[in-house]
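Asker: Quick one: structure below, then a few questions.
The values are calculated or read from the model by the stated rules, or taken from the named source; none is laboratory data. This one's a predicted model, so the numbers in the text were calculated from it and none came from an experiment. Cβ placement follows ideal geometry from the backbone for every residue including glycine, while neighbour counts extend to all protein chains displayed. Keep in mind that these areas ignore ligands, DNA and RNA; they rest on the heavy atoms of the full protein, side chains included. Shrake-Rupley method; radii C 1.70, N 1.55, O 1.52, S 1.80 Å.
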Amino acid sequence: MAAEAAPMDEKAKRMRDLLSSFYAPDPSITTSNSSINASFDNINSTSFDADQYMDLMIKKSNLEVLLQRHVQMAAEIKNLDTDLQMLVYENYNKFISATDTIKRMKSNIFGMEGNMDQLLQKIMSVQSRSDGVNTSLFEKREHIEKLHRTRNLLRKVQFIYDLPARLQKCIKSEAYGDAVRFYTGAMPILKVYGDTSFQDCRRASEEAIEIIIKNLQTKLFSDSESIQARAEAAVLLKQLDVPVDSLKAKLLEKLEQSLDGLQIKPEEASKLVEHDDSSNDTESNDQHPAKIHEDAVRGFSEAMRAYREIFPDSEERLFKLARALTAMHFENMELYIRKRVSAADFLGIFRIIWEDVVLMDEVLPEAALSDLSAEAAQVTLKQFVARTFSHLQQDISDTLLKFDINQKEAVEGEVLKVILEASQKAVLQGTTNIFQDFRQLLDENAGIFIKMRDLISGWIQKGFQDFFRSLEAQFLVLSGKTSSSNDIEGKSSDKIHAGLILVLAQLSVFIEQKVIPRVTEEIAASFSGGNSQAFENGPAFIPGELCRVFHAASEKLLQHYIDTRTQKVSVLLRKRFKTPNWVKHKEPREVHMYVDMFLHELEEVGKEVKQVLPQGTFRKHKRTDSNGSNTTTSSRSNTLHSDKMTRSNSQRARSQLFETHLAKLFKQKVEIFTKVEFTQESVVTTTVKLCLKSLQEYVRLQTFNRSGFQQIQLDIQFLKAPLKETVEDEAAIDFLLDEVIVAASERCLDVIPLEPPILDKLIQAKLAKSKEHNNNNNNNTVSS
Amino acid sequence: MQGGSSGIGYGLKYQARCISDVKADRDHTSFLTGTLSLKEENEVHLLRLSSGGSELLCEGLFSHPNEIWDLASSPFDQRIFSTVFSTGDSYGAAIWQIPEPYGQSNSSTLECVASLDAHVGKINCVLWCPSGNSDKLISMDEQNLVFWSLDSSKKNAEVLSKESAGMRHSLSGGAWNPHDVNSVAATSESSIQFWDLRTMKKNNSIERAHVRNVDYNLKREHILVSADDESGIHLWDLRKTKFPVQELPGHTHWTWAVRCNPEYEELILSVGTDSAVNLWFASASSEHKTSESPVEASRQRVNPLLNSYTDYEDSVYGLAWSSREPWIFASLSYDGRVVIESVKPFLPRR
């Protein structure tokens, strides 16, 4: 670059120097001095004033310098003069040479025109010659071309005439591809001249082509051919303008038809999952339905693959078909599990379906079959879980209601026990089975299950929660405690046997104490893989809550049992006390019938209770327990009471009432209404207590004459012995029976009790009579 | 039980079943109660709560010729009340007036205003018209319903109409609808019957056996509370009589009587033969309770029993809210003990 720039600069400088030397008066001096000299002493400047310069010079310099300067200037002027002369000379020289050159050019151009004319003439002659050659060859060339065209035409005609034969040959060698190519090649000609010159030829070739089409179609439909071949056939057919759509439709139809065959019909489903081992052993002879099904599905998927390759543009239909099959599978599955199905069977079917889906998915990955089936499987599985639970519930209630209590009751004493045991077993066995089943579900390794394992655990937990809740509700409905909404007044509460209520109560206790802990354990052991989602949505399995629910239910049911039992007695007593006119009662002759009925009811209660409830620890000493505390409270209220008595304005003599009060206080108040426990004794005692209390209340509502009172006295006296036998809390019974007597005496116009001997006699008579009655009954049953 | 300590007690000499709030006494909280003694001379006690509310004073003591099975104070005159009594083999009902000035002598005699002697069988109760100023009465025996007009100045009671409920339905008691003075509820063996007094016809009924006592909710129309022997207390909506609106467990033994609080619509008192008085909180607004999700319902199901007063020696039959101080109630047990309690600690926050 530098090397380049330097000459450029040099050149430019030289040019500038040249120019300035040419035009400027003294360029070198100008450039060199301009900077040094000021405007005054710069000779080269345009504004140079000679006079000034002179003045300056004279003022500044001495003579010597002035002289020197003069000399110098004179020399410079001389130099400049010579330079100028040189320049003028040189320029003149150049002018002269230029004039010379122009003169020479003028002389040279002269005579060129003649040469040019000559050249033109020669070229003209060349052209005329070549035209001559061209015209002489033209005819021959045209002839050659014509010949060539004819030859081509002939060759085509030859081809068309050969076409049928060639096609036949192709058919023979099954080279349908070539045949179709030939035919399509000849097609335009045949179309134009087919009706005239090539009629025969055309017909023959069309026949051949028809054969080919037929062959191709058969090839297309034959399953034995390779897919490649079939696809080719389809392509060829398409090339032959054979309506492919109808073919497609036909093929699809065929596929659809085969769908029907592939259905797992609910009724056949169980056959499919029959023991796998048998199919392994005797495969050759008796093909197992599962095997057949698998083959069929494989065939189907192959067909689909073929179809897809043959008609790649119409996959949608295939997707639809495959989806339909999957959907159908799951629908059938739903139908199938509507019946009772074991988890193993369920899984078997599921596995088959899954295999099918996998097979189809391989062929049609775009159809998203696995997603579809995963969704469907979730739904189905959820249903299965729900159904399993509802089946269990059904089982339990079936077991409960299986026995017709009312009929067998008279004959067999153990019905309730049987029911209780059966239903306990049903609950226990049922939950165990459910766990087994669900564990199978969890252990299943089909791809779809692995994904859903968490979900399944959640469902199972939730299922148990719901199951127990609905079971409790059902218990209450069964017991008639709550009327279910679906059957309004379907069965009134009195139709429900009291024993059943008792069984339900005990069953609730059993569930609370045995079943729920077990279920909790099982869930913790096997199904703890709880998914957080399920917990967020709703409460999954909460054993504490369930225990509470069942505890409450058991108490409610037990209370309900006692209520229904006492209700019966209450009705009995109500009738007894409403009917006679107690003020005009006749002298007591015997113990009244209702006592028998009352005792009979109690006996029934005892029987039922004995079957169902456990025996309590014997607690005769309870009386002394409660005595201490009760006396204190009683005495406290006693003082209170007497305070009030004095405060009241009454100054009257102490009434009989007060005396009975005092008597009552001394007799030690007994707690009548204690909490019911799940023991035989407790239930019986509570029932008796409630009945006696009712008796007391009924008595209080009446007014008796002497005989009426005596009747009551007699009845109560008679009741005393058998009641004490059945009831653990003798003190309470004594107290209540006395209360009845007191109440009767208070409501009696003329209290004169029966003499003890008479009382005794009447009671003995009654006892003898009932014994006789029993004997008779026994005899009757024996004889019959 | 702690509940007993707060009560103010008063002892009658004899056994007793009935107590009534003296509604017409606007200056004092008073109650009337009568004894039930077959052989002794029976008494009617007029009790008044002292102004401090700490003492129950006897303002008057009047002898009554027969044992009293039912007693009701008239809503318009504090001196007038009705009784149903029994002589042992026959029943009677009468309107009485407390003599003036009362409370001077210990046992002044009552003035009989009118005798309601249109009955033959066992008389159950006398109901005063709840409107407070009309002199209409209803008396009920086991078969008949009698509608009376009372003229207290002329000492005369006139039968306006009488209707037989039929032999099969033995009536046991009733309540006069405070929202509709033409409607009376009567309890019978198998149902609660509703009578229209204009036509004296039965126009509705709730099929429910053995109902012992009913009471209308004073604050809320259409709500009726019933008590029966076995299955406790039920709240009914009179527009939907098929099923009860709400169920309360009632008492360990029979539930004898129920009373709705005159001021606080949710409060219900019940007395029972298990020697207890129970105070209930029954919202009864849960008409759409069924639509709630069961989980939510169970969470909301708080114990409706607010308190149980158990400091009684015998069955409790008498019960009355004070209409002047609606947080006060009087209860009467069979042994003749009146207990006044305040439910102030349990009042719903407003």
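Asker: Using a probe of 1.4 angstrom, how much of the accessible area of the range B:14-128 is carbon and sulfur, in percent?
Answerer: That share works out to 42 percent.
Asker: Related question: Percent of alpha carbon pairs in the range B:173-280 separated by more than 18 Å?
Answerer: Numbers: 2500 of 5778 pairs.
Summing the P(r) of the range B:173-280 above 18 Å gives 43 percent of all pairs.
Asker: Could I ask something else about it? Net charge near A:R700: determine it from the other residues with C-beta under 11 Å of the C-beta of A:R700, scoring Lys and Arg +1 and Asp and Glu -1.
Answerer: Surrounding charge for A:R700 is -1.
Asker: Go through the range A:683-707 and flag every residue whose accessible area shrinks by 50 Å² or more with all protein chains in place compared to the isolated chain (probe 1.4 Å).
Answerer: Residues passing the criterion (a loss of at least 50 Å², heavy atoms only) are A:E697, A:R700, A:L701.
Asker: What part of the accessible area of the range A:554-596, given as a whole %, is carbon or sulfur when the probe is 1.4 angstrom?
Answerer: Working: 1150 of 2200 Å².
So the carbon and sulfur contribution to the accessible surface is 52 percent.
Asker: If you count the DSSP beta bridges with both ends in the range B:14-128, what percent of them are antiparallel, to the nearest 5? Walk me through the numbers before you get to the answer.
Answerer: Numbers: 35 of 37 bridges.
If I count the DSSP bridges inside the range B:14-128, around 95 percent turn out antiparallel.
Asker: Please report the buried accessible area for the interface of A with B, total over both chains, probe 1.4 Å, in Å² to the nearest 100. Let's see the in-between values first.
Answerer: Working: alone 48020 and 15650 Å², together 59640 Å².
Looking at A and B, the buried total is near 4000 Å².
Asker: Right, something else. Quick one: net charge of B:S153's neighbours, Cβ under 11 Å, K/R +1, D/E -1?
Answerer: On the way: positive: B:K154, B:K155; negative: B:D77, B:D135, B:D151.
Residues near B:S153 contribute -1 overall.
Asker: Now for a separate question. Of the cross-linked pairs A:K584/B:K39; A:K575/A:K610; A:K214/A:K238, which ones have a Cα-Cα span greater than 20 Å in the structure shown?
Answerer: Over 20 Å apart, Cα to Cα: A:K575/A:K610.
Asker: What does the charge count around A:R155 come to, taking other residues whose C-beta lies under 12 Å from its C-beta (Lys +1, Arg +1, Asp -1, Glu -1)?
Answerer: +2
Asker: Taking 37 °C and 0.692 mPa s as the conditions, I'd like the Stokes-Einstein D for the range A:550-608 in µm²/s, using the Kirkwood hydrodynamic radius from alpha carbon pairs.
Answerer: Values: Rh = 13.6 Å.
My calculation gives 242 µm²/s for D.
Asker: Can you work out ³J(HN,Hα) from phi for every residue in the range B:337-342, in order, using Karplus 6.51 cos²θ - 1.76 cosθ + 1.60 and θ = phi - 60°, giving whole Hz and x for Gly and Pro?
Answerer: 9, 8, 10, 9, 10, 10
Asker: Just the Cα atoms of chain B: what Rg and Dmax do they give in Å?
Answerer: 19.5, 64
Asker: Using every alpha carbon pair in the range A:155-242, what percent of pairs falls into each 5 Å bin from 0 up to the bin containing the largest distance?
Answerer: 3, 15, 27, 23, 16, 9, 5, 2, 0
Asker: With every atom except the alpha carbons ignored, what do you get for Rg and Dmax of the range A:143-195, in angstroms?
Answerer: Spelled out, the Cα radius of gyration and Dmax of the range A:143-195 are 13.3, 44 Å.
Asker: What residues of the range A:568-583 lose no less than 30 Å² of accessible area with every protein chain in place versus their chain by itself (probe 1.4 Å, heavy atoms only)?
Answerer: By number: A:R574, A:K578, A:V583.
Asker: Go through the range B:5-24 and flag every residue whose accessible area shrinks by 20 Å² or more with all protein chains in place compared to the isolated chain (probe 1.4 Å).
Answerer: B:G9, B:Y10, B:G11, B:K13, B:Y14, B:Q15, B:R17
Asker: How large is Rg over Rh for the range B:14-128, taking Rg from the Cα atoms and Rh as the Kirkwood inverse mean of 1/r across Cα pairs?
Answerer: 0.96
Asker: Tell me which residues come under 5 Å, amide H to amide H, from B:W148 once H is placed; ignore anything under 5 positions away on its chain.
Answerer: B:L137, B:I138, B:S139, B:L160
Asker: When all C-alpha to C-alpha distances in the range B:10-82 are sorted into bins of 5 Å, what percent of pairs does each bin hold, rounded to whole numbers?
Answerer: That works out to 3, 18, 28, 25, 16, 7, 2, 0, in percent per bin.
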